[in-house]
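Reading through the structure tokens given below for one structure.
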């Protein structure tokens with residue numbers, strides 16, 4: 001036999017023997033595992049199968065993890081932006097409250113002391129209050145969405161807020177016209193002050209619960 005043929009034969013023998021040894025170890029392990037069910041419970045086998053299934057599903061989720069994570073990030077960003085808009089309603093209501101009440105107080109000085117120099121300040125306060133009331137009403141609807149449900153306090157708060165916005169625009173129109181008689185303007189300002197005080201109470205009822213002031217006679 002030539003050396004080249006002998007070398008080929010040795011290589012072929014090694015290729016044939018190596019798998020036999022490898023599978024032989026597995027067969028040995030298999031023989032031990034085959035003997036094991038006689039002393040172990042079928043629950044273990046099912047548990048091992050479940051672990052294998054969980055591992056496979058984990059790999060499947062891992063393969064699509066990037067897409068799911070990117071989708072969740074987009075949803076979180078969108079929800080975060082919408083959430084910020086919804087949470088702006090309590091902040092916007094302070095402007096019309098302060099401006100309209102200060103306008104009523106300034107008009108009181110105008111009527112009592114004939115302070116004509118305060119009339120421009122009253123107009124500016126009314127303009128700012130009207131704009132703030134409209135913005136607060138808009139953010140109120142953003143806060144709840146197009147939802148018309150709720151209890152009595154919620155219904156009164158919703159529609160009283162709309163009434164404040166409308167009355168604010170009426171006040172702005174009256175202040176812009178600068179009528180010689182300020183009677184209608186003053187009646188509207190007093191009405192606005194009453195509506196704002198009631199709105200503040202209703203907002204407290206919604207935020208802090210029924211009878212949040214602790215007044216037993218209410």
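What's the number of the condition residue 179 fails, among (1) under 16 Å from residue 119 (Cα atoms); (2) in a helix (DSSP H, G or I); (3) free of Cβ contacts under 8 Å to residues at least 40 places away in the same chain? Failing condition for residue 179: (2). Just to be sure, is residue 121 surrounded by 19 or more Cβ atoms within 10 Å (Cβ to Cβ) and modelled with pLDDT of 90 or more? Here the answer is no, as residue 121 does not meet what is asked. Tell me the residue from 134, 124 that is over 32 Å from the mean Cα position of the chain (by Cα) and within 30 Å of residue 84 (Cβ to Cβ), please. Step by step, each of 134, 124 is checked, and only 124 is over 32 Å from the mean Cα position of the chain (by Cα) and within 30 Å of residue 84 (Cβ to Cβ).
Within region 132-155, being within 22 Å of residue 99 (Cα to Cα) and either touching a helix residue (DSSP H, G or I) at 6+ places or on another chain (Cβ under 8 Å) or exposed (fewer than 14 other Cβ atoms within 10 Å of the Cβ) (or both) holds for 132, 133, 134, 135, 136, 137, 139, 140. Report yes if residue 199 is under 35 Å from the mean Cα position of the chain (by Cα), more than 21 Å from residue 92 (Cβ to Cβ) and in contact (Cβ under 8 Å) with a residue 12 or more places away in the chain, otherwise no. Spelling it out, it is not the case that residue 199 is under 35 Å from the mean Cα position of the chain (by Cα), more than 21 Å from residue 92 (Cβ to Cβ) and in contact (Cβ under 8 Å) with a residue 12 or more places away in the chain.
The values are calculated or read from the model by the stated rules, or taken from the named source; none is laboratory data. All values reported here derive from a predicted model rather than from experimental measurement. Positions of Cβ are backbone-derived with ideal geometry, glycine not excepted, and every protein chain shown enters the neighbour counts.
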